[in-house]
Amino acid sequence: MYNPFGKRLFDLLLVIPALLLLWPLLLGLALLVRLKLGGPVLFKQQRPGLNGRPFTLYKFRTMTEARDRTGQYLPDARRLTHFGQWLRHTSLDELPELFNVLKGEMSLVGPRPLLLQYLERYTPEQARRHMVRPGITGWAQINGRNALSWEEKFKLDSWYVDHVSWGLDVKILALTVWKTLRREGISQPGQATMEEFLGSYSVSSNASKSP
């Protein structure tokens, strides 16, 4: 009974007061992004939601628009500024996703929404992560976040789908606050955030070639 109806009510009971309380912070951060990185203030990107349906994800922008001579964006690590790193390390860049939750496109807790091109790369088991709404935080985020491998992350996402409950969501939200304060698992070693997911076959093939 909790999912989906109780879960949606739980989201609204928390998100509406949060937006009312946080609007000065949201406005202040928007002004800082505009001053330090220019426009646009928001990063918008199509991501797969419940049952894989696309929606527009909102985040505060953390990278510059720097491009090379051919007009292509420079690597993420070169476009990520100190201010952008601070936004990510504090998870303040995620705050606009509260509007995604308000619109019903996301939940406070659930598997993180990844890239649309990953949909065709999932195994049937991995694709089960889309049986619930994507979340701002989730079981994988409190158990390693971007420091996890893709395989580990997807196993945790599937576990959450099978065990979703009010008590688990409360636990995840509480641990998210703790993990955010400790700034754990922000990025994968050697990456600005997380390397691209190329599919389980590619992951296993690369692993078998490692010494």
Fill in: Residue check for Thr56: open to solvent by 20 Å² or more (accessible area, probe 1.4 Å), over 30 Å from His130 (Cβ atoms) and not in a helix (DSSP H, G or I)
no
Worksheet entry | Residue list for the range 51-92, restricted to those being on the phi > 0 side of the Ramachandran plot and in contact with a Ser or Thr (Cβ under 7 Å, 6 or more places away or on another chain) | Ser91
Worksheet item: Does Arg67 meet the test of being under 19 Å from the mean Cα position of the chain (by Cα) and among the charged types (D, E, K, R)?
Response: no
Fill in: Filtered residues of the range 73-89 (kept if open to solvent by 20 Å² or more (accessible area, probe 1.4 Å) and among the hydrophobic types (A, V, I, L, M, F, W, C))
Leu74, Ala77, Leu80, Phe83, Trp86
Worksheet item: Of the conditions (1) surrounded by 15 or more Cβ atoms within 10 Å (Cβ to Cβ); (2) modelled with pLDDT under 95; (3) under 24 Å from Thr123 (Cα atoms), Asn206 fails just one. Which one is it?
Response: (1)
Discussion item. Of everything in the range 68-100, what is closer than 19 Å to Ala147 by Cβ and either of a type in the set (Lys, Arg) or part of a loop (DSSP other than H, G, I, E, B) (or both)? Give them in sequence order.
Written reply: Arg88, Thr90, Ser91
Worksheet, complete the sentence: Exactly one of Ser158, Ser165, Ser91, Ser149 is under 15 Å from Leu50 (Cα atoms) and of a type in the set (S, T, N, Q), and that one is Ser158
Item to complete: Mind telling me which of the residues Thr123, Thr70 ends up being modelled with pLDDT under 90, out of contact with any strand residue (DSSP E or B) (no Cβ under 9 Å at 6 or more places or on another chain) and surrounded by fewer than 14 Cβ atoms within 10 Å (Cβ to Cβ)?
Response: Thr70
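Do you know which of the residues in the range 152-199 that are modelled with pLDDT under 85 and of a type in the set (D, E, K, R) is nearest to Pro113 (Cα to Cα)? So that I can check it myself, show each step before the final result.
Here is the first cut: in the range 152-199, the ones modelled with pLDDT under 85 are 179-195.
Among the residues that remain, those that are also of a type in the set (D, E, K, R) are: 179, 182-184, 195.
Numbers: Lys179: 19, Arg182: 23, Arg183: 20, Glu184: 19, Glu195: 15 Å.
So, considering only residues that are modelled with pLDDT under 85 and of a type in the set (D, E, K, R), the one nearest to Pro113 (Cα to Cα) is Glu195.
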Worksheet entry | Failed criterion for Thr62 (all others in (1) without any contact (Cβ under 8 Å) to a residue 12 or more places away in the chain; (2) within 19 Å of the chain's Cα centre (by Cα) hold) | (1)
Worksheet item: How about the range 1-46: which of its residues are open to solvent by 30 Å² or more (accessible area, probe 1.4 Å), within 21 Å of the chain's Cα centre (by Cα) and not hydrophobic (A, V, I, L, M, F, W, C)?
Response: Asn3, Pro4, Arg8, Pro40, Lys44, Gln45, Gln46
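Table: residues versus (1) aliphatic (A, V, I, L, M); (2) within 20 Å of Asp11 (Cβ to Cβ).
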site	(1), (2)
Asp68	no, no
Gly84	no, no
Leu95	yes, yes
Asn100	no, yes
Val109	yes, yes
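The values are calculated or read from the model by the stated rules, or taken from the named source; none is laboratory data. What you see is a predicted model; the values in this text were computed from it and never measured. So basically every Cβ, Gly included, is an ideal-geometry build from the backbone, and we count neighbours across all protein chains shown. Each accessible area value is taken on the protein alone, full model and side chains, heavy atoms only, with ligands, DNA and RNA left out. Shrake-Rupley method; radii C 1.70, N 1.55, O 1.52, S 1.80 Å.
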